[in-house]
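The values are calculated or read from the model by the stated rules, or taken from the named source; none is laboratory data. Fair warning: this is a prediction, and the values are worked out from it, not measured in the lab. A quick note on method: Cβ atoms are made from the backbone with ideal geometry, for glycine too, and the neighbour counts reach across all protein chains shown.
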Amino acid sequence: MKRFLLVAFLVFAAFTGVARADTTLVIAIAADPTGFDPEAVLNNTSGFVMATIYDSLVKYKPGSVDVEPGLAESWDVSPDGLTYTFHLRKGVTFHDGTPFNGPNYIKTIKRLVDKSDEDSIFKTGPVEGYIDDTYGAVESYTAPDDNTVVFKFKESSAPFTTNLAMVWNGVVSPTAVHKLGKDFRTHPVGTGPFIFKEWRPGDQITLDANPNYWNGKPKVDHIVFKVMPDPQAALLAIKRGDVQILADVGAQIIPAAKSDANLVVVTQPGLAVSGVGMPPDTKPFDDKRVRQALNYAIDRDALDKSLFQGYAAPMTSPLPEAQWGFDPSLKGYSYDPAKAKQMLAEAGYPNGFKTELLTYNSPRGYNSAGADLAVAVQGYLQKVGVEANVRKEEIGAYLAEIRNKTNKYNKGMFLVGWTGDNGDPDNFLFELFGSANIPVTNTPRYVNPELDKVLVEAQRVPDHDKRVALYHEAQKIILDDAPWIFLNSVMQVRVTRKEVKGYLLNPTQMFFEMQRVSLEK
């Protein structure tokens, strides 16, 4: 009888589909997103979520920043580098049923580059994305037919394909954009492996698997991004099994995670940098000697060994060592508090000065110590006579303050950091230090016309070796000008439960390829 009942149950389960319970992957994030329109928002937390919702014409190969076909099956580049022809993947639909094709893709580009377009992204609120970087040199964009898109350029753009692969260039549904207007920022629609279901601000974002995903049906039914700003609470949650992945790992919890047999600490060389921004248009930072002095005031080796548990290396250049184009001949700023005091005195501050040090209050992918890093920097600055008052803000408020275009931040210094988006040096040096990007990514508002000329030339030159030489020149200029206190480059660190299978880190820290991830007890 027992055997009969078991067989009957299995037959019933097979026909009713109840044999396998729904699976939900919960990912803890340290801050709330600020929106989900790819070219409108620019912060890692939003990017984490958007990477699961959107696809781009090209994508990064799993675990790398090398590009391969995405929504475009292939592409051709003319010998002069001025024409890109993309051959689109057939049979793909957006989550709302809109077909992905050439004319619909062109609509999504038009909303970015044509401010007179009825669905222009600039009509929806502040825009912080990579529109100028990606499309600034584009002369025309057309769809000769449903399956082809052609970009013609006024001048060559070496990072174009790697820029297209960024999460910030995710392809949006033109139907949803037109229908929702400003509300598209909170109700995203793409072609990716997961479909947006709900956002409860300050709590969680819920996504459902896309059963018709062109690159393979996801292996979990739902993803929940859970907002957990407290690292210790996040650690407790993953230990209990309430969470399966920690996205923003506080450095202080790494030893406890490594000692738990049910947890796996996953690492990868980081395309990330962290420092302190010093606005050169604000006293006392208008004097280069002050900026250089504060660089000599910090013991980076001690910070990396203690605060970062050895998962960081001192910055000797504005680029991380893992980034091609990094100049190994540069030695950076040594720890020399006596020299720091001397330079401050020469600049007219023999007794130091008072200032503010603004910080975000949670760990970030480029700074696993979070606000503790600001406190540590405060201690070192005090030793050379600089009294820095640390003020903490939630990441959204912090970004709004330092990126304010009308009421510029002038109260002092602030923590800065960056994770590379596309594997190209341009994404660090031009984004963080080019004057065209003030104040969204060049938050200290640093201006150097000589540097701008070098960086723009590096974008236009197709020859790799010439680009490397130009980036070496740029690094020397930036390091000497010191618009940052250059602190460190961290390893990318994530923590997963051991039942998480198929999860791969990406150097950009985004949650790409999540259709591959499964939960196996």
Exercise. Could you list, in sequence order, all residues of segment 310-342 that are closer than 15 Å to GLN382 by Cα and buried (at least 19 other Cβ atoms within 10 Å of the Cβ)?
Key: ALA340, LYS341
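Look at ASP114 and say whether it is of a type in the set (D, E, K, R) and either touching a Pro at 6+ places or on another chain (Cβ under 7 Å) or in contact (Cβ under 8 Å) with a residue 24 or more places away in the chain (or both).
Values: of a type in the set (D, E, K, R): yes; either touching a Pro at 6+ places or on another chain (Cβ under 7 Å) or in contact (Cβ under 8 Å) with a residue 24 or more places away in the chain (or both): no.
Judged against the criteria, ASP114 is not a match.
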Quiz prompt | Answer residue from segment 473-490, given it is surrounded by 20 or more Cβ atoms within 10 Å (Cβ to Cβ) and of a type in the set (A, V, I, L, M) and is farthest from ILE29 (Cα to Cα) among those | solution = ALA474
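Taking helices (runs of 4 or more DSSP H) that fall entirely within segment 77-182, which contain at least 3 residues that are under 24 Å from the mean Cα position of the chain (by Cα), outside the structural domain of LEU455 (by TED's automatic domain parsing) and of a type in the set (A, V, I, L, M, F, W, C)?
Working: elements: 102-113, 131-135, 160-164, 174-180.
By residue number, 102-113.
Which of the residues belonging to segment 190-200 are surrounded by 14 or more Cβ atoms within 10 Å (Cβ to Cβ) and over 25 Å from LYS90 (Cβ atoms)?
Residues of segment 190-200 surrounded by 14 or more Cβ atoms within 10 Å (Cβ to Cβ): 190-196, 199.
Across segment 190-200, the qualifying residue is only TRP199.
Is it the case, given these coordinates, that VAL127 is touching a Phe, Trp or Tyr at 6+ places or on another chain (Cβ under 9 Å) and either aliphatic (A, V, I, L, M) or under 24 Å from PHE196 (Cα atoms) (or both)? First the steps, then the outcome.
Numbers: touching a Phe, Trp or Tyr at 6+ places or on another chain (Cβ under 9 Å): no; either aliphatic (A, V, I, L, M) or under 24 Å from PHE196 (Cα atoms) (or both): yes.
No.
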Quiz item: over 26 Å from ASP463 (Cα atoms) and among the basic types (Lys, Arg) - does that describe any residue in segment 135-154?
Solution: no
Quiz item: Is it true that some residue in segment 263-274 is among the polar types (S, T, N, Q), modelled with pLDDT of 95 or more and either under 20 Å from TRP484 (Cα atoms) or crowded, with 19+ Cβ neighbours inside 10 Å (or both)?
Solution: yes
Exercise. Assess whether LEU451 counts as being in contact with a Gly (Cβ under 8 Å, 6 or more places away or on another chain), in a helix (DSSP H, G or I) and more than 20 Å from ALA436 (Cβ to Cβ).
Key: no
Exercise. Determine which single condition PRO62 fails, assuming it passes every other condition in (1) surrounded by fewer than 22 Cβ atoms within 10 Å (Cβ to Cβ); (2) in a strand (DSSP E or B).
Key: (2)
Quiz item: Is there any pair linking a residue in segment 128-150 that is surrounded by 15 or more Cβ atoms within 10 Å (Cβ to Cβ) to one that is of a type in the set (Asp, Glu), with Cβ under 6 Å and at least six apart or on different chains, and which?
Solution: GLY129/GLU39; ILE131/GLU39; ALA137/GLU155
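Okay, residues lined up against (1) surrounded by 14 or more Cβ atoms within 10 Å (Cβ to Cβ); (2) in contact with a Ser or Thr (Cβ under 7 Å, 6 or more places away or on another chain); (3) modelled with pLDDT of 95 or more:
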position	(1), (2), (3)
SER173	yes, yes, yes
ALA176	yes, no, yes
PRO188	yes, no, yes
TRP214	yes, no, yes
PRO218	yes, no, yes
LYS226	yes, no, yes
ARG240	no, no, yes
VAL243	yes, no, yes
GLN252	yes, no, no
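Give segment 189-207 a look and list any residue that's over 13 Å from MET514 (Cα atoms) and not polar (S, T, N, Q), or say none. Outline the logic, then answer.
Applying the first criterion (over 13 Å from MET514 (Cα atoms)) to segment 189-207 yields 189-191, 196-206.
VAL189, GLY190, PHE196, LYS197, GLU198, TRP199, ARG200, PRO201, GLY202, ASP203, ILE205, listed by residue number.
For ASP203, state whether it is surrounded by fewer than 18 Cβ atoms within 10 Å (Cβ to Cβ), under 25 Å from THR419 (Cα atoms), over 19 Å from the mean Cα position of the chain (by Cα) and of a type outside the set (Phe, Trp, Tyr).
Numbers: surrounded by fewer than 18 Cβ atoms within 10 Å (Cβ to Cβ): yes; under 25 Å from THR419 (Cα atoms): yes; over 19 Å from the mean Cα position of the chain (by Cα): yes; of a type outside the set (Phe, Trp, Tyr): yes.
For ASP203, the condition - surrounded by fewer than 18 Cβ atoms within 10 Å (Cβ to Cβ), under 25 Å from THR419 (Cα atoms), over 19 Å from the mean Cα position of the chain (by Cα) and of a type outside the set (Phe, Trp, Tyr) - is met.
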Exercise. May I ask you to say which residue of ASN367, ASN410, ASN361, ASN389 is surrounded by fewer than 19 Cβ atoms within 10 Å (Cβ to Cβ), in contact with a helix residue (DSSP H, G or I) (Cβ under 6 Å, 6 or more places away or on another chain), touching a residue at least 24 places away in the same chain (Cβ under 8 Å) and closer than 24 Å to ARG445 by Cα?
Key: ASN361
